[in-house]
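Q: For reference, the structure I am asking about is given below.
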Amino acid sequence: NWRGGHAAGGPSVTVFVLDDSYSMGQKVANTTAFDQAKAELITQLGEMNDNASIAIVRTSDDIDKPFFAMNMVTDRASLVAKIDGLTVHDRRANWPELLSRVSGEFGDRPGSKELVLLSDFREVDFELLDTQSLAPALTLLTEGDVAITAFDFSKPAGRNAQIESLVLQDSAVVAEVGAARQWLASGGQ
């Protein structure tokens, strides 16, 4: 159980990383991957004890502006409402930078330390990376006794379709001008 520190009632530090990249907007049944991730985040917050310090970082957040800075949650209802209102962003996740930044959130705070990743872990977010670029950030976390849990909200997808070329078969239709008038003006061609 990843919430070991929470169940015991002792102090704990948890950093949630919520992937709000565009791909999280993918439809899954009657919802999206992002909606599922937000629901899981809200569930996890509801199960945490009052001694828990948390931070919530979105993948689109600027380095010095997390969505919820490290703090104890005193008004869960307000935080849940803010989470419910979040939408996906057009930025890609920069995992090495993000994990390096997140490792600093733990500092030398007492209690159990947990990092919870809520993402679809799309290959595109990792394709420009090699394992060497992630290694320093992961080393900082594991050496700091941070337990890492990943919730994967991806849906298997087929290959994406793409348009390779577009050729007009007829004369172009100009906006605000009737198509029949354009056709007659071109001599019916």
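The values are calculated or read from the model by the stated rules, or taken from the named source; none is laboratory data. Every value quoted in this text rests on a predicted model; they were computed, and no experiment measured them. All accessible areas refer to the heavy atoms of the entire protein, side chains included, with ligands and DNA or RNA removed. Shrake-Rupley method; radii C 1.70, N 1.55, O 1.52, S 1.80 Å.
Q: Using 0.36 nm per residue, how much length does the chain from Asn51 to Asp145 gain when fully extended, once their Cα-Cα distance is taken away? If you can, show how the numbers build up before the last one.
A: Details: separation 94, 0.36 × 94 = 33.84 nm, distance 1.89 nm.
Using 0.36 nm per residue and subtracting the Cα-Cα distance, I get 32.0 nm.
Q: Give me the percent of accessible area attributable to carbon and sulfur for region 1-122, probe 1.4 angstrom.
A: The nonpolar share, carbon plus sulfur, comes to 49 percent.
Q: Taking the alpha-carbon distance from Lys155 and a cut-off under 20 Å, which aspartates and glutamates remain once sequence neighbours fewer than 8 residues away in the same chain are dropped?
A: By straight Cα distance, Lys155 reaches Asp19, Asp20, Asp35, Glu40, Asp90, Asp120, Glu123, Asp125, Glu127.
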